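*Asks:* One structure, as structure tokens, below. Some questions next.
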Amino acid sequence: MNRLMGTGLSMEIAQHKILQETDIQLAPGELLGLIGPNGAGKSTLLRGLAGLLDLSAGDVTLDERDLQSYHPDVRARKIAYLAQNGEAHWPIKVQRLVELGRTPHLSAWQRPGGTDEEIVHNAMRATDTWTLRDRIFSTLSGGERMRALIARALAVEPEIILADEPVAALDLAHQLDVMELLLDHCRAGGSAIVVLHDLPLAAHYCNRLQLLDKGRTIAVGVPSEVLTQENLHQVYNLVPRSESFSSDIFTLPWTTSRSQGGTGHE
């Protein structure tokens with residue numbers, strides 16, 4: 001059974017076709033990478049799957065049920081959406097921002113309890129943001145902000161995480177840590193779709209890749225099936241330096257302490 005499915009998804013603005021009859025499927029336990037050049041429709045597709053866009057055509061189902069038929073609170077508990085450039089428009093401390101991830105689990109005016117506090121603490125430890133807990137979010141660097149937003153997404157304890165370029169502003173070590181966190185989420189029974197521009201990172205961590213260009217799916221499958229010489233030339237106009245091209249060139253030569261049983265950056 002597919003946990004999240006989009007069928008025939010299309011989006012057109014001012015006669016410009018951003019998505020064109022795109023299909024996508026996400027299975028339980030899967031980490032799916034959306035790749036493709038700028039303007040390919042990746043972010044639009046992700047927002048459509050999160051229920052944040054009124055698509056021109058197509059259907060999105062969650063657990064074989066129309067996504068829009070869910071109560072907003074239920075949908076917010078099931079799907080955590082991580083925007084590419086998330087901001088807070090008022091002064092808010094980092095810990096309070098992460099606590100907002102528990103909001104879908106609370107009734108009106110209910111304050112977070114002991115269990116909620118433990119979940120928030122664990123999410124902040126996992127993302128190396130606990131030491132930032134008393135900082136005002138707007139004073140953080142771009143990388144620190146993204147880690148705080150990831151902590152908020154983890155605090156939701158969602159079934160599905162939809163992350164739009166979550167590693168774009170991070171240093172190398174934190175990029176790997178974030179991907180390990182998403183992978184851990186999937187190994188624990190969750191699912192995730194992540195928009196990435198780093199092809200080696202995508203190939204290393206994602207179970208499947210979906211390559212988009214001009215709003216259409218060019219290829220979908222395991223990394224070795226998608227990252228072919230033909231596909232990369234068609235979409236990115238890339239030509240290999242070596243005649244013996246192989247998708248193995250996208251293998252990462254490094255790892256993090258988290259994947260070796262450590263706790264990351266404490």
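The values are calculated or read from the model by the stated rules, or taken from the named source; none is laboratory data. These figures come from a predicted structure and were not determined experimentally. Positions of Cβ are backbone-derived with ideal geometry, glycine not excepted, and every protein chain shown enters the neighbour counts.
*Asks:* Suppose we filter the range 79-95 for residues that are charged (D, E, K, R) and modelled with pLDDT under 95; how many remain?
*Replies:* Counting residues in the range 79-95 that are charged (D, E, K, R) and modelled with pLDDT under 95 gives 1.
*Asks:* Then there is this: Applying the selection to the range 1-17, what residues are surrounded by fewer than 22 Cβ atoms within 10 Å (Cβ to Cβ), among the hydrophobic types (A, V, I, L, M, F, W, C) and assigned to a strand (DSSP E or B)?
*Replies:* Met5, Ile13
A quick yes/no check of all residues on (1) under 22 Å from Gly51 (Cα atoms); (2) basic (Lys, Arg); (3) at pLDDT 95 or above; (4) not in a helix (DSSP H, G or I):
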position: Arg145; (1), (2), (3), (4): no, yes, no, no
position: Leu162; (1), (2), (3), (4): yes, no, yes, yes
position: Ala168; (1), (2), (3), (4): no, no, no, yes
position: Ala173; (1), (2), (3), (4): no, no, no, no
position: Leu183; (1), (2), (3), (4): no, no, no, no
position: Leu212; (1), (2), (3), (4): yes, no, yes, yes
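*Asks:* Tell me, yes or no, whether the range 65-80 has at least one residue that is small (Gly, Ala, Ser), buried (at least 17 other Cβ atoms within 10 Å of the Cβ) and out of contact with any Pro (no Cβ under 6 Å at 6 or more places or on another chain).
*Replies:* no
*Asks:* Under the condition of being more than 25 Å from Arg3 (Cβ to Cβ) and buried (at least 16 other Cβ atoms within 10 Å of the Cβ), which residue from the range 99-115 is nearest to the chain's Cα centre (by Cα)?
*Replies:* By that ranking, first place goes to Glu99.
*Asks:* Looking for something modelled with pLDDT of 95 or more and in contact with a Cys (Cβ under 9 Å, 6 or more places away or on another chain) - is there at least one such residue anywhere in the range 195-206?
*Replies:* Among the residues of the range 195-206, at least one is modelled with pLDDT of 95 or more and in contact with a Cys (Cβ under 9 Å, 6 or more places away or on another chain), which makes the answer yes.
*Asks:* Among the numbered criteria (1) surrounded by fewer than 18 Cβ atoms within 10 Å (Cβ to Cβ); (2) within 15 Å of the chain's Cα centre (by Cα); (3) assigned to a helix (DSSP H, G or I), which one does Gln25 miss?
*Replies:* Exception for Gln25: condition (3).
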